[in-house]
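Bear in mind these aren't lab numbers, they're just calculated from the coordinates by the rules spelled out. These numbers come from a predicted model, not from an experiment. Cβ atoms come from the backbone with ideal geometry, glycine included; neighbour counts cover every protein chain shown.
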Amino acid sequence: MGHRISGNTVHVPGYRTDIMNEVDLIEDVAIAYGFNNFELRLPEVSTVGKIFPEPACHEILIGLGFDEVITWTLSNPKLAGKASVSAQHAVEIENPLTEDFTIFRTSVLPNLLTVLAESKNEPLPIRIYETGSVAAPHLEERLTLASMHPKASFSEIKGFVSSLAESSSKKAEFVAEEYEGFISGRCAAVYFDGKRVGLMGEISPSTLSNFGLEQPVCAAELKL
């Protein structure tokens, strides 16, 4: 199964994207033991189901027309370079299984651009997002969103980020800055309540070309 145990904590390997919570770990154990080996009997206690807590951004983004994706947390410098993302301080994998999984990703943006590239023949617009871990080099959670269609623009992604801020009762501010991989003059740093949380803008033509994309893309990557 590939898990590592440390006390009461189970460390899930990066390639096990099917493990999302403790229920998936229980299923892993049940599969290893064999479902047919369980004795059939009714539970001796009554239980009441409840909603599994999720960040509020999920409902907001779904309402804005986004679809959630889940991609690999392991990556490689070549993929990061295609999106002009630095892998200089990336955490390296000691014994990588393939050349595709040699580092822990430092940004989610290259993954979303890859998903858009694999979906470019689907009807437009395509709007996707992911909440996931990065290590640059310290582990943190990020929310990354991207929109692809002929009229994707800085104003569009600014509107989406503003909606996220408003939904969490925070004041959004945007300060013009330049980032590799984005169009000059069409990207900015994002601040929530005066604290810098990420960046956003229109993806540059050269970056789009690296991923074989022909439609404009706007994107944002924010700390959760």
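Residues that are loosely packed, with under 10 Cβ neighbours inside 10 Å, among the hydroxyl-bearing types (Ser, Thr, Tyr) and within 26 Å of Thr9 (Cβ to Cβ) within region 25-54 comprise just one, Thr47. Applying the condition of being loosely packed, with under 14 Cβ neighbours inside 10 Å and not aliphatic (A, V, I, L, M) to region 97-114 and asking which residue is farthest from Val217 (Cα to Cα) yields Thr98.
Would you confirm, using the coordinates I've provided, whether Ser169 is part of a loop (DSSP other than H, G, I, E, B), among the hydroxyl-bearing types (Ser, Thr, Tyr), out of contact with any helix residue (DSSP H, G or I) (no Cβ under 6 Å at 6 or more places or on another chain) and within 16 Å of Pro55 (Cα to Cα)? The answer is yes for Ser169. Being touching a strand residue (DSSP E or B) at 6+ places or on another chain (Cβ under 6 Å) and of a type outside the set (A, V, I, L, M) holds for only one residue in Glu99, Glu92, Glu118, and it is Glu92.
Glu140 meets all of the listed conditions (1) closer than 21 Å to Trp72 by Cα; (2) part of a helix (DSSP H, G or I); (3) of a type in the set (Asp, Glu) but one, namely (2). For region 52-59, the condition of being acidic (Asp, Glu), assigned to a loop (DSSP other than H, G, I, E, B) and out of contact with any Asp or Glu (no Cβ under 9 Å at 6 or more places or on another chain) holds for at least one residue.
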